[in-house]
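This report concerns only the one structure given below.
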Amino acid sequence: MIEILKKIFGRKFVFPGLNYLCLMGFVIFLLNPEIAFSQEFPEFAKTDSITFALYEKQQWSELIEVGEAAIKNGIDFYYLRMRLGIARYEQQNYRHAIPHFENAIKIYPEDQVAAWYLYYSYLFSGRKSDSKRITPLLNEATKAKMGIKKSLFLDEIYFEGGPAVSNISTLEDNWKNPTAADTIYSSTTYFKGYNYFHGGIRLNILPNLSIYQGYGQLNATAQQNIRDFQEQYKPFKRIARQDDYYANIEYVLPKGFKITGAAHFLWIGYDRRDASYDQIGNLTFDTVAVSEDDYVLSLGVMKEFTFGSLNVSGTYGRLDNDTVSQLGASFVYYPFGNINFYGTTGILNFWDNEGNRTIFTQEIGGRIFKNIWLEGNITIGQLQNYAEKNAFVIYNAPEEINNKYEAVLIYAAPKHLEISLRYRYLERENGTLVYTDFENFTITKTQYPFHSIIGGIKWKF
């Protein structure tokens with residue numbers, strides 16, 4: 001770390017405890033008597049001497065113990081905050097380092113070393129939005145030495161896509177070998193899979209305000225089967241196309257707050273075959289073109305804390321002629337103060353015209369190699385028309401989805417490139433409509449697996 005600072009601030013840079021912080025701490029101590037003399041001088045001098053000695057020896061754990069005890073006892077000054085922040089930083093506990101650098105900057109806003117440390121503490125602790133927000137604290141010379149380019153209007157480009165397939169062998173066997181010999185009429189639809197693509201860009205409006213916009217397309221294949229008095233008709237094959245537009249706006253506020261609003265519009269079109277009996281009892285068919293204009297709106301508020309972040313969010317929309325809404329909360333936690341290991345636990349309540357239900361999510365992720373992360377998550381509950389990730393993903397399949405399991409592999413190159421590979425497993429339920437007479441019917445449900453693989457590539461400017 002010291003070698004990095006030498007590169008940034010020049011070869012004359014020496015470990016801050018030996019020159020820069022000593023000088024700045026003494027100057028600030030003299031120029032701010034309200035800080036220095038609000039405590040008894042002997043206690044201040046003792047704390048200053050002990051923490052300076054520990055700082056010189058790079059005994060980070062001991063320094064943290066002594067320094068944080070002093071703060072609890074009312075001894076607080078710039079020099080102490082910088083030492084504690086750097087001690088936490090050197091232990092890679094960036095989230096615990098952040099409050100110390102924030103306090104140091106409050107005392108001396110022009111300090112480039114404190115701003116440098118705070119920038120990277122945000123970045124290395126999963127708070128990228130906050131790192132962009134505080135870039136105005138860095139002067140042009142410091143940003144040039146750090147390799148931070150002038151803020152560009154175009155922030156990133158993102159593409160993702162891939163196939164999905166279902167295992168319908170059990171469904172086909174059930175259809176070919178019906179158990180109800182006295183069935184008058186039955187029908188079912190197999191959803192075999194789809195191909196998916198999405199592309200979008202994120203734009204920087206201000207250092208603390210950005211907008212993401214993207215277009216996606218999904219083409220799904222399905223097969224509708226109909227049986228009349230045990231006579232099987234030729235399957236009706238169809239392709240459903242879904243076009244969508246997604247927009248997301250992020251506004252980052254001081255003190256760890258972030259507001260995220262999103263809108264997802266979907267346009268769906270497909271052909272459906274309807275069956276009916278004519279006046280003399282013959283089964284007739286009619287092909288109907290179906291189109292739907294759906295949407296989901298999302299609003300979330302996040303608050304960052306030392307150990308993690310709390311996010312409260314809600315959605316409202318219309319899907320498949322049904323009004324849907326959900327409200328929930330999730331907590332992201334970083335046990336070691338960095339992104340080497342993290343988890344997310346969430347719970348929400350979902351409402352539609354049929355009532356309400358509860359959905360639970362759990363995610364665990366971490367760094368497995370230098371630039372590679374692995375994440376795994378489960379979502380438990382009835383997920384039809386459920387939305388996640390600020391309404392970026394909507395599970396609007398025309399079948400019940402009971403649970404979801406995911407694994408994600410992420411490669412993040414040091415500067416611009418990020419590549420991801422996501423495997424998703426859904427427990428879906430197929431419904432077979434069965435009439436045993438002309439008035440009474442049942443719907444038989446069979447669970448089957450649905451797999452999808454999504455590859456993503458992001459280029460960050």
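Structure notes:
- The stretch 138-195, residues that are surrounded by 15 or more Cβ atoms within 10 Å (Cβ to Cβ), of a type in the set (S, T, N, Q) and within 35 Å of the chain's Cα centre (by Cα): Thr142, Ser166, Thr189
- Breaking point among (1) within 24 Å of the chain's Cα centre (by Cα); (2) part of a loop (DSSP other than H, G, I, E, B), for Leu123: (2)
- Taking the listed residues Arg88, Arg95, the one that is surrounded by 19 or more Cβ atoms within 10 Å (Cβ to Cβ), basic (Lys, Arg) and within 27 Å of Thr260 (Cα to Cα) is Arg95, with no other qualifying.
- The stretch 395-409: number of residues that are in contact with a Lys or Arg (Cβ under 9 Å, 6 or more places away or on another chain) and either touching a residue at least 40 places away in the same chain (Cβ under 8 Å) or β-branched (Val, Ile, Thr) (or both): 6
- Some residue of the stretch 102-109 being part of a helix (DSSP H, G or I), assigned by TED's automatic domain parsing to the domain that holds Glu140, within 22 Å of Lys72 (Cβ to Cβ) and free of Cβ contacts under 8 Å to residues at least 12 places away in the same chain: yes
- The single condition from (1) touching a residue at least 24 places away in the same chain (Cβ under 8 Å); (2) over 12 Å from the mean Cα position of the chain (by Cα) that Ala391 fails is (2).
- For the stretch 61-84, filtering for residues that are closer than 17 Å to Thr306 by Cβ and touching an Asp or Glu at 6+ places or on another chain (Cβ under 9 Å) leaves 2.
- Here the condition is being more than 30 Å from Pro99 (Cα to Cα) and either touching an Asp or Glu at 6+ places or on another chain (Cβ under 6 Å) or in contact (Cβ under 8 Å) with a residue 40 or more places away in the chain (or both); of Ile226, Ile259, Ile249, it holds for Ile226 alone.
- Taking residues in the stretch 62-83 that are over 12 Å from Ala104 (Cβ atoms) and part of a helix (DSSP H, G or I), and partners anywhere that are among the small types (Gly, Ala, Ser) and at pLDDT 95 or above, the pairs with Cβ atoms closer than 8 Å and at least 6 places apart or on different chains are Leu63/Ala87; Ile64/Ala87; Gly67/Ala87.
- Scanning the stretch 85-101 for residues that are in contact with a His (Cβ under 9 Å, 6 or more places away or on another chain) and not in a helix (DSSP H, G or I) gives no hits.
- Counting only residues that are of a type outside the set (Val, Ile, Thr) and under 30 Å from Ile148 (Cβ atoms), the stretch 370-417 holds 16 of them.
- Taking the listed residues Tyr405, Tyr435, Tyr423, the one that is more than 19 Å from the chain's Cα centre (by Cα) and assigned by TED's automatic domain parsing to the domain that holds Gly300 is Tyr435, with no other qualifying.
- Only one of Ile364, Ile359 that is surrounded by fewer than 20 Cβ atoms within 10 Å (Cβ to Cβ), of a type in the set (Val, Ile, Thr) and not in a loop (DSSP other than H, G, I, E, B): Ile364
- Only listed residue being β-branched (Val, Ile, Thr), within 30 Å of Gly147 (Cα to Cα) and at pLDDT 90 or above, chosen from Ile50, Ile64, Ile86: Ile86
- Screening Leu203, Leu283, Leu209 for residues that are within 28 Å of Tyr334 (Cβ to Cβ) and touching a strand residue (DSSP E or B) at 6+ places or on another chain (Cβ under 6 Å) leaves exactly one candidate, Leu209.
The values are calculated or read from the model by the stated rules, or taken from the named source; none is laboratory data. Predicted model, so just to flag it, every value in this text is computed and none were measured. Don't worry about glycine lacking a Cβ; one is built from the backbone with ideal geometry, like all the others, and counts go over all protein chains shown.
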